[in-house]
Amino acid sequence: MSDVTEASVRAECRAWLEANWDAERGLIEWRNMLVDSGWGAPHWPSAWHGRDLPVGLVPVVEEEFKRIGAIGVAKVGIRVLAAATILVHGSDYLKGKFLRRSLTGEDAWCQLFSEPGSGSDAAGAVTRADLKGNQWVVNGQKVWTSGAQKADYGLLLARTDWDVTKHAGLSYFIIDIHQPGVTVQPLKQMNGHATFNQVFMTDAVVPPENLMGRVGQGWAVTTTTLMHERRGADGLRTWAMGSDKPGRAYAEEREEIAVSLAPYKWYPNRAGRVDLVMQRAKETGRIDDPVVRQEIARLMIMAKSSEWTARRARTRQEQGGPQGPEGSLGKLASSHIARAAARVHTLMSGANALLTGDDGVLNGTIAEILVSVPAGSIAGGTDEIQRNIISERVLEMPREVSVDTGRPFRDVPRNIVG
């Protein structure tokens, strides 16, 4: 669309919003109108609810939504990863069945990758999917599954061939979580929350049309999902907040966000809460301590550098560049920043940082930061995994020697659980 300009996009989007936005509409009704118009995901193909706009013009559309106060399509939860993956790898059937409902927010999703014996090594999955008759039958266990207790569908990585190499024997499916044979059990965390779950699948079924890509191409599809997931740790992610304006659509959006994010309300604390550091430094008087000041300066430099790196990656994406290993740089940086922030909070609060509840600093917020920060180095791929990706794809270093290279997966030594 070489004839499209910023001015023309702005004018057309503004005119459509002024003619159609009504805060008293139901949220789903409004989002279906957005999907039909293409303004909800304007960079998507016009055949699939978009307008074929360059990614670089999306901020123009977002500015017009913000100007008038209009609510956009659903962008909370794993549904964003599901939509991004389906858009790239899904068949027309899958796109037709799931993309609209991902934008309207009518379906909730979870990601079924990690297993008890293969966490960050997702390619080591032993959950199996066997083709029996005209359907796939799934048996196995997944763990650390965010939001599974609320999910309608799961993005499932399963092994379909044990006689080829590890990565070649995987396939990627969309599985119905509500069916018999799927059991979800919440996991209690040391910070008191229960965001994650174990998911057991016993003779659960997946219709053949719910295969994403082809049999044996599961790792390529998984890589797309993971690259988008790691973008979420690039330092530019904002915590979803609903508007306090009156109107049915606003009220329904506030309820949607509250329900979707309830299990994740501790996530800002696992990032270290850099935003609280200067406030705490002044409250405690430690702003005048030269040692503390040095640690604060070190933290702020890291945080700002990470933000700039993320902005460069975002600009590249807006210019039409594909998702790349930049997400791993942001993910690894976020872990270092979170640990540095926890150290600064501890220096400023001393032993009181360990107090929880009403007796604790900021009603226990600092204590929750300390026990939540380690999660950032594990979730979404450990720091070690990110370093491997950076060394190979950014620094172009040779791959490490692997015991599973060239061997059928059934012959590869692996962790035994149970």
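Nothing in this text is a laboratory measurement; each read-out follows from the coordinates by a stated rule. All figures in this text were calculated on a predicted structure; none of them were measured in a lab. Neighbour counts are summed over all protein chains in view; Cβ atoms, including those assigned to glycine, are modelled from backbone coordinates with ideal geometry.
Points worth noting:
- The chain, helix-only ellipticity at 222 nm - DSSP H runs n ≥ 4, -39,500 (n - 2.57), divided by all residues, nearest 500: -13000 deg cm²/dmol
- With the highest mean first, a sort of the peptides 264-276, 108-120 on other beta-carbon atoms found within 10 angstrom per residue produces 108-120, 264-276.
- Between segment 367-418 and segment 52-92, the alpha-carbon center distance in angstrom: 30 Å
- Against the rule of thumb 2.2 N^0.38 Å, how large the Cα Rg of segment 149-268 comes out: 1.33
- Rounded if a/c under 1.5, otherwise prolate or oblate - segment 6-68, Cα gyration tensor axes: oblate
- Debye, to nearest 20: dipole size of the chain, +1 on Lys, Arg Cβ, -1 on Asp, Glu Cβ: 700 debye
- Stretchable slack from Arg407 to Arg293, in nm (0.36 nm times residue separation minus alpha-carbon distance): 35.7 nm
- Computed extension gain for Glu396 through Met278, at 0.36 nm per residue and net of the alpha carbon distance, reaches 38.6 nm.
- Between segment 121-162 and segment 1-43, the alpha-carbon centres lie 37 Å apart.
- For the chain, the share of DSSP beta bridges that are antiparallel, to the nearest 5, is 85%.
- Highest-first packing order for the peptide set 184-190, 49-55 is 49-55, 184-190, based on the mean count of other beta carbon atoms within 10 Å.
- Look at Ile78, Ile68 and count the other Cβ atoms within 10 Å of each Cβ; fewest to most, that gives Ile68, Ile78.
- Kirkwood hydrodynamic radius over Cα pairs of segment 248-381, then Stokes diffusion coefficient at 25 °C and 0.890 mPa s, in µm²/s: 148 µm²/s
- Positive-end extreme of charge dipole, segment 248-381 - chosen from Ala353, Gln279, Gly376 (charges on Cβ): Gly376
- Set of lysines near Lys150 by C-alpha distance (under 30 Å), chain-local residues within fewer than 8 positions excluded: Lys66, Lys75, Lys95, Lys97, Lys132, Lys142, Lys188, Lys245, Lys265, Lys331
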